[in-house]
């Protein structure tokens, strides 16, 4: 199988699994887990997956370009936390669509901070996408709720994370990039979880 075809299949499979994420988060919400706790368990399972891949020799690990790896982990972890807060405080469709605005933010950041040349009619396409999101979500900009803000935050930070992924993949392996993302998320959410547990009344 050609590499391009294989990568397309992998993207399809990953998006199928990612589409199940809002469902599982909503189920966890029904069991009264907080967004921080859900984030922690999400990354705890990711740590287990990384250990299995590394131990089985299915993926190699390297640390070449540390700066984009750092930003991938930092912004990626914040994006997931914002996404889970959005899923807890608004509908799955609304939270997911706001999270998916990361695609728009990636292009905006690439033009603003990395001097990439925008494609023809880019800003008109950006405006059209913004209008489409407005029509679908019916966002009331004069009265944004926590779910709207968290979803938008997850999209913005996710856009920065995607840009960091693209830069990291020039030098580092997929496992290295995913490990950075996972470790940041695991530490961020774990610290909040254990801090809350220790401060809770006995």
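Among the residues making up region 149-194, those that are more than 24 Å from residue 63 (Cα to Cα) and within 16 Å of the chain's Cα centre (by Cα) are 149, 150, 151, 152, 153, 154, 155, 156. Among the residues of region 51-90, the ones that are in a loop (DSSP other than H, G, I, E, B) and surrounded by 15 or more Cβ atoms within 10 Å (Cβ to Cβ) come to 3 in all. When residue 120 is tested against (1) in contact (Cβ under 8 Å) with a residue 40 or more places away in the chain; (2) over 17 Å from the mean Cα position of the chain (by Cα); (3) farther than 20 Å from residue 160 by Cβ, just one condition goes unmet, and that condition is (1). Against the definition (over 18 Å from residue 182 (Cα atoms), under 20 Å from the mean Cα position of the chain (by Cα), crowded, with 17+ Cβ neighbours inside 10 Å and modelled with pLDDT of 85 or more), how does residue 28 come out, yes or no? It is true that residue 28 is over 18 Å from residue 182 (Cα atoms), under 20 Å from the mean Cα position of the chain (by Cα), crowded, with 17+ Cβ neighbours inside 10 Å and modelled with pLDDT of 85 or more. For region 1-50, the candidate set comprises residues that are in a loop (DSSP other than H, G, I, E, B) and in contact with a helix residue (DSSP H, G or I) (Cβ under 9 Å, 6 or more places away or on another chain); within that set, the residue that is farthest from residue 190 (Cα to Cα) is 1.
Evaluate the following for residue 34: is it free of Cβ contacts under 8 Å to residues at least 12 places away in the same chain, on the phi < 0 side of the Ramachandran plot and surrounded by 10 or more Cβ atoms within 10 Å (Cβ to Cβ)? Can you show your working first?
Numbers: free of Cβ contacts under 8 Å to residues at least 12 places away in the same chain: no; on the phi < 0 side of the Ramachandran plot: yes; surrounded by 10 or more Cβ atoms within 10 Å (Cβ to Cβ): yes.
The answer is no for residue 34.
Only one residue in 152, 104 is surrounded by 18 or more Cβ atoms within 10 Å (Cβ to Cβ) and modelled with pLDDT of 85 or more, so which one is that?
None of the other options fit; the residue is 152.
Is one or more of the residues making up region 168-178 in a helix (DSSP H, G or I), touching a residue at least 12 places away in the same chain (Cβ under 8 Å) and under 11 Å from residue 40 (Cα atoms)? Give the derivation first.
Of region 168-178, the ones in a helix (DSSP H, G or I) are 168, 174-178.
Next, only the ones that are touching a residue at least 12 places away in the same chain (Cβ under 8 Å) stay: 168, 174-178.
Still in the running and under 11 Å from residue 40 (Cα atoms): none.
The answer is no; no qualifying residue exists.
The values are calculated or read from the model by the stated rules, or taken from the named source; none is laboratory data. Because the structure is a prediction, the values reported are computed rather than measured. FYI the Cβ positions are ideal-geometry reconstructions off the backbone, even for glycines, and counts take in every protein chain you see.
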